[in-house]
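The values are calculated or read from the model by the stated rules, or taken from the named source; none is laboratory data. Model, not experiment: these values are computed from the prediction. Quick reminder, even Gly has a Cβ in these numbers, built from the backbone with ideal geometry, and neighbours come from all protein chains shown.
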């Protein structure tokens, strides 16, 4: 009884469980948590696991841990792959926001992939409830992204959202607060990082980790062919000699590695438009495509998609926060998405 009464005074939370970052926003305040979705876990000889670090403290450990320590990413493409670690991460964020009281039981509104299976949706719900939520409502990520980008998703006209997340890209046409047609491109931002890792191994016989590849993507990455061939140095291990060495990498090298991912997104856009009713397809031609998600910040992605699809393409303001902003809007006004449950 006391727990339920105290729960009424806790602040409700909007949650974006992303592959790369988990974002949490209080109902009554701006974004309060934006942490890498990484948890460091120590495993003793008996197989018992103990959490040692979360978020920004755990992320530098990726690719650098000894045998008894793991840097785990418990969310992959928006799906819970490690229930126990996801629960621990959510509990950590809830208590950081609300204090360490075990009585705090907020409501949570959480974004989930549109194509998530019933089992995957249940895993998200169970993780939130185990972390202390007294009520969990779920909103499809495309709906949240459209709301966060300020699109008129409630009107009887089609809007196309390309949400370039860390683990996957969701291409969705929205109309009347629903998803009319959609497609998923595996990989997302982290898939782009892996493509750079593979390019360096195949072309330069250089083995690097994903954090180094991500740095190259941020510094040199471009979806369109680079007009100036900028360069950056990356360090790794020689695949042949087995010793450390560095290589000078050009923007054109990185572009070549990323081009298949950009082509796949453009093909998904064409496929989704073809699958939509003709009238909605006409709306897309008029209104164009809106890019959301952290991966939308890839340099010239809008221009590359315009060239490949013939559609107008724009990037949302602060695209990495579009989903959490949309979830927060549903938290503020549930009527925005009545199907949330």
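Can we say residue 199 is surrounded by fewer than 22 Cβ atoms within 10 Å (Cβ to Cβ), at pLDDT 95 or above and touching a helix residue (DSSP H, G or I) at 6+ places or on another chain (Cβ under 9 Å)? Here the answer is yes, as residue 199 does meet what is asked. The test for being buried (at least 21 other Cβ atoms within 10 Å of the Cβ), in contact with a strand residue (DSSP E or B) (Cβ under 7 Å, 6 or more places away or on another chain), at pLDDT 95 or above and more than 30 Å from residue 137 (Cα to Cα) holds for residue 313. Has segment 52-62 got any residue that is farther than 28 Å from residue 327 by Cα, outside the structural domain of residue 106 (by TED's automatic domain parsing) and in a strand (DSSP E or B)? Checked against the condition, which is being farther than 28 Å from residue 327 by Cα, outside the structural domain of residue 106 (by TED's automatic domain parsing) and in a strand (DSSP E or B), segment 52-62 yields at least one hit. Return yes or no: is residue 234 touching a helix residue (DSSP H, G or I) at 6+ places or on another chain (Cβ under 7 Å), at pLDDT 95 or above, more than 20 Å from residue 300 (Cβ to Cβ) and not in a loop (DSSP other than H, G, I, E, B)? It is true that residue 234 is touching a helix residue (DSSP H, G or I) at 6+ places or on another chain (Cβ under 7 Å), at pLDDT 95 or above, more than 20 Å from residue 300 (Cβ to Cβ) and not in a loop (DSSP other than H, G, I, E, B). Being over 30 Å from residue 176 (Cβ atoms) and crowded, with 20+ Cβ neighbours inside 10 Å holds for only one residue in 236, 242, and it is 236.
So, residue 85, is that one surrounded by 20 or more Cβ atoms within 10 Å (Cβ to Cβ) and part of a helix (DSSP H, G or I) or not? Judged against the criteria, residue 85 is a match.
Residues in segment 134-153 that are touching a helix residue (DSSP H, G or I) at 6+ places or on another chain (Cβ under 8 Å) and assigned to a loop (DSSP other than H, G, I, E, B): 134, 149, 153.
Of all the numbered requirements in (1) at pLDDT below 90; (2) part of a loop (DSSP other than H, G, I, E, B); (3) crowded, with 17+ Cβ neighbours inside 10 Å, residue 19 misses one, and that requirement is (1). The set of residues in segment 63-80 that are part of a strand (DSSP E or B), in contact with a helix residue (DSSP H, G or I) (Cβ under 8 Å, 6 or more places away or on another chain) and touching a residue at least 40 places away in the same chain (Cβ under 8 Å) comprises 75, 79, 80.
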